[in-house]
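Peer 1: I'd like to ask some things about the structure below.
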Amino acid sequence: MGWIHAQNVVELARETGACTLVAVADASAERREKFAAAHGLTVPLFASVDELADAQVCQATVVVTPTEKHREHATRLIAAGHRVLVEKPLTGNLAGDREFATELDSGHPHALMLAFQRRYDEALQFARELMRSGAIGPVFKIYSALEDSGPAPNGYQSDGILSDMSIHNVDEILWLTGQMPETALAVGSRTYSHRLTTCTEDFDDAVLLMWFPGEMTAQIQVTRNHVSGYRVETAIFGEKGHIRLGRHTQRPAEVVVEAFGPRFDGGLLAQQTFSVWPDLPGQPEFVSRFGGSYRAELAAFVECCRSGQPFPITHRDGLRAQEVIAAGMSKMLTRADGAKVEG
C-alpha cells in the first residue's frame, strides 16, 4: 500500500500540480531506492518516520505502516506539524482507538484523515444516490461482502479478520445508513487459508450481523478463502426493490450497479457499469477494484490540506467502526452440545 499511495502522489503531482512528492520513508533501503528509481525521483529517502519528521521537508504525509505503528507514527508526524492520511484501521483495537481519538480530539481534531477509500468508489456512490433517492423505498437490509482469494501475506500484522478486514464493510454500512446499530453479533471460523501463511490471525472466515433502530439489519461476510478471485459485493434491500453492486463474474474489468423493482411489475429501475483499473500480474488484487478510489481519496486529502478544511473522514469514523466490531466480538454463542463459543 505504501508503494500504491506514493505512486498516486507522483501521478497526481504530474497531472494537476496540486502536490509534490518531496520524500519517502521506508525501513527497507531496497524498497525505497527501488521506488525512487522506478519513478525517476531524486528526493530524500529516509529510513524511519522519525528521520522524516525531523527533516521538516513537508506539510502532509501518508502513513502506511504496520497497524501497531499507526498511532506512534501519526502522533510523531502531527507533532512535527504534518496533517496525515493514515491507512485503516486506526490502531486495530477498541481501547487503542478510544485513547488515540481522545488525544486527537483534545489537541489535533483536524490533523488525521482515515483511509476508508470505499467512500470514493464511484459505483458505491451511485448505489448510495439510488438508495437515498427512494428508488427502492425504505431500506430494511444491507449485505456487504469482501472476499480475498488467498490468505494475508507472510509476516502481515493483523489484529483479527474483523478489525483488519471487515472494518471497510462496517464503515460502508454506517456511511450508507447514517446510523449506528443497536446490537451486533460476530461468528468466526478457521477453515482453510490460515494454514498457508505465517500471519497470525484469529479467523480466516467471519460474519458480522448488525441490528439498527427501526427493524433494519445488516450482514457482513469476509473471508480469505475465495480462491477463484477477489469478490466485492453489496446488496441493498428496500420495500420496493433492491440495489445490487458487483458480483464475482471473473470479469474484473467492470463493476455493474443495478436496481430492480418488485417481482413481475418492477423490472430494471437503473443500471450503470463502471470501469476499474487493469488487473496486472504482481499487483495486489484489490488495486484493480479500488485503484480509482485510492486516487480520489488522495486527491481529497490533498485538497483539504491545501485549503485548510477539515477532513471528510476522520479518526472518529474509525472509532465508530471499531466499536461496532468490538460489540459483535463480545457476544457469546451456544453450540448444540451446550459448549460456549466466544464470538
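The values are calculated or read from the model by the stated rules, or taken from the named source; none is laboratory data. Keep in mind that this is a model prediction, so the values were computed, not measured. A quick note on method: Cβ atoms are made from the backbone with ideal geometry, for glycine too, and the neighbour counts reach across all protein chains shown.
Peer 1: Asp265 - would you say it is free of Cβ contacts under 8 Å to residues at least 12 places away in the same chain, charged (D, E, K, R) and either under 18 Å from Val170 (Cβ atoms) or assigned by TED's automatic domain parsing to the domain that holds Leu130 (or both)?
Peer 2: When the stated conditions are applied, Asp265 passes them.
Peer 1: Then there is this: Could you grab the pairs with beta carbons closer than 6 Å, sequence gap of 6+ or different chains, first residue in region 157-182 and under 17 Å from Arg128 (Cα atoms), second one β-branched (Val, Ile, Thr)?
Peer 2: Asn169/Ile220; Val170/Val324; Ile173/Ile142
Peer 1: Report whether or not Arg295 is surrounded by 15 or more Cβ atoms within 10 Å (Cβ to Cβ), touching a Leu at 6+ places or on another chain (Cβ under 9 Å) and of a type in the set (D, E, K, R).
Peer 2: yes
Peer 1: If a residue has to be buried (at least 16 other Cβ atoms within 10 Å of the Cβ) and either over 25 Å from Phe116 (Cβ atoms) or free of Cβ contacts under 8 Å to residues at least 24 places away in the same chain (or both) to count, how many in region 1-21 make the cut?
Peer 2: 1
Peer 1: Separate question: Can you pull out every residue in region 173-218 that is farther than 20 Å from Leu245 by Cβ, among the aromatic types (Phe, Trp, Tyr) and outside any strand (DSSP E or B)?
Peer 2: Correct list: Tyr192, Phe203.
Peer 1: Next question. Could you check region 219-260 for strands (runs of 3 or more DSSP E) lying wholly inside it with 1 or more residues that are in contact with a Pro (Cβ under 9 Å, 6 or more places away or on another chain) and crowded, with 16+ Cβ neighbours inside 10 Å?
Peer 2: Fully inside region 219-260 and qualifying: 231-238, 241-245.
Peer 1: Let me ask something additional. What pairs come out if I take residues in region 134-151 that are on the phi > 0 side of the Ramachandran plot and in the same structural domain as His226 (by TED's automatic domain parsing) and pair them with residues that are modelled with pLDDT of 95 or more and outside any strand (DSSP E or B) whose C-beta lies under 7 Å away, six or more apart or interchain?
Peer 2: Matching pairs, first to second residue: Gly137/Glu239; Gly137/Lys240.
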